[in-house]
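Visitor: Got a structure for you, written out below as structure tokens; questions coming shortly.
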Amino acid sequence: PEYDDFYLGTGLFAARERPGWHQELEALQSLVSSIRAEAVLDVACGTGFLTRHLRGRVMGVDQSRAMLNIARSRLRRGAVAQADAFCLPFRSGAFDCLVAGHFYGHLTEPERARFLVEARRVAARLLIIDAALRDGVAPEQVQQRVLNDGSQHAVYKRYFTAEQLARELGSGAVLYGGQWFVAVMA
């Protein structure tokens, strides 16, 4: 349940000061809906919060069945499957575009390199969306996250400027570079 609360600024996230957040989120959703591709794979799609804005034939994958159940209900023209992002169950070149929203920044540098090899195997283009590096935030950190049920989880998080992300992806073109979100197409 906390996944959508993060985007919407509700629940545990209601007290956070995030000036401009909702405007940037609308811009990000608009960007996602503008991507033209016949076949799109959304890796770590979560609840489908961003996935539902994709066009074309959409396949959302995630490790969590609970997340996939929510995503399935949100996708008008698409399917979901439980899968490992490092070993995607699709043939090479199966997708025109692979989208990864707020997944890439949870991977360590070696994991990011490994993911990019697999992502490029299955898709011609990659759209990576993640959290923007901003003043007062360390670029790399381990965050202690508390969920509604009181459980706590240590989560690795890497923040990027749009230009840093584009450089890391190699031939990336910055599509969005805001205070809260970055998006790069490679």
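The values are calculated or read from the model by the stated rules, or taken from the named source; none is laboratory data. Computed from a predicted structure; not experimentally measured. Note: ideal-geometry Cβ built from the backbone for every residue, glycine included; neighbour counts use all protein chains shown. For the accessible areas, the whole protein counts, side chains as well, though only heavy atoms, and no ligand, DNA or RNA atoms are used. Shrake-Rupley method; radii C 1.70, N 1.55, O 1.52, S 1.80 Å.
Visitor: List, please: which pairs have Cβ atoms under 6 Å, are six or more places apart or on different chains, and start with a residue in the stretch 162-186 that is free of Cβ contacts under 8 Å to residues at least 24 places away in the same chain and part of a strand (DSSP E or B) and end with one that is open to solvent by less than 30 Å² (accessible area, probe 1.4 Å) and of a type in the set (A, V, I, L, M)?
Guide: Listed by first residue and then by second, the contacts come to A173/M185; V174/A162; V174/A166; V174/V184.
Visitor: One residue is enough: does the stretch 75-86 have a residue meeting the conditions in contact with a Gly (Cβ under 7 Å, 6 or more places away or on another chain), assigned to a loop (DSSP other than H, G, I, E, B) and farther than 13 Å from I129 by Cα?
Guide: Taking every residue of the stretch 75-86 in turn, at least one turns out to be in contact with a Gly (Cβ under 7 Å, 6 or more places away or on another chain), assigned to a loop (DSSP other than H, G, I, E, B) and farther than 13 Å from I129 by Cα.
Visitor: For the stretch 22-54, enumerate the residues that are part of a loop (DSSP other than H, G, I, E, B), open to solvent by less than 20 Å² (accessible area, probe 1.4 Å) and either of a type in the set (V, I, T) or at positive phi (or both).
Guide: Hits for the stretch 22-54 are I35, G46, T47, G48.
Visitor: A further question follows. Among the candidates E118, E168, E140, single out the residue that is acidic (D, E) and touching a Leu at 6+ places or on another chain (Cβ under 8 Å).
Guide: Result of the check over E118, E168, E140: E118.
Visitor: Considering only the stretch 105-122, how many residues are surrounded by fewer than 16 Cβ atoms within 10 Å (Cβ to Cβ) and of a type in the set (G, A, S)?
Guide: Selection size over the stretch 105-122: 1.
Visitor: Still on this structure, please answer the following. Quick one: in the stretch 142-161, of everything that is within 16 Å of G177 (Cα to Cα) and part of a strand (DSSP E or B), which residue is most open to solvent (accessible area, probe 1.4 Å)?
Guide: Only one residue tops the list, namely R158.
Visitor: Tell me which residues, restricted to the stretch 123-141, are of a type in the set (K, R) and surrounded by fewer than 13 Cβ atoms within 10 Å (Cβ to Cβ).
Guide: R134
Visitor: For the stretch 67-88, does any single residue satisfy the condition of being closer than 24 Å to G178 by Cα, free of Cβ contacts under 8 Å to residues at least 12 places away in the same chain and either in contact with a strand residue (DSSP E or B) (Cβ under 9 Å, 6 or more places away or on another chain) or open to solvent by 50 Å² or more (accessible area, probe 1.4 Å) (or both)?
Guide: No, the stretch 67-88 has no match at all.
Visitor: Does G105 fit the bill of being of a type in the set (G, A, S) and touching a Leu at 6+ places or on another chain (Cβ under 7 Å)?
Guide: No, not satisfied.
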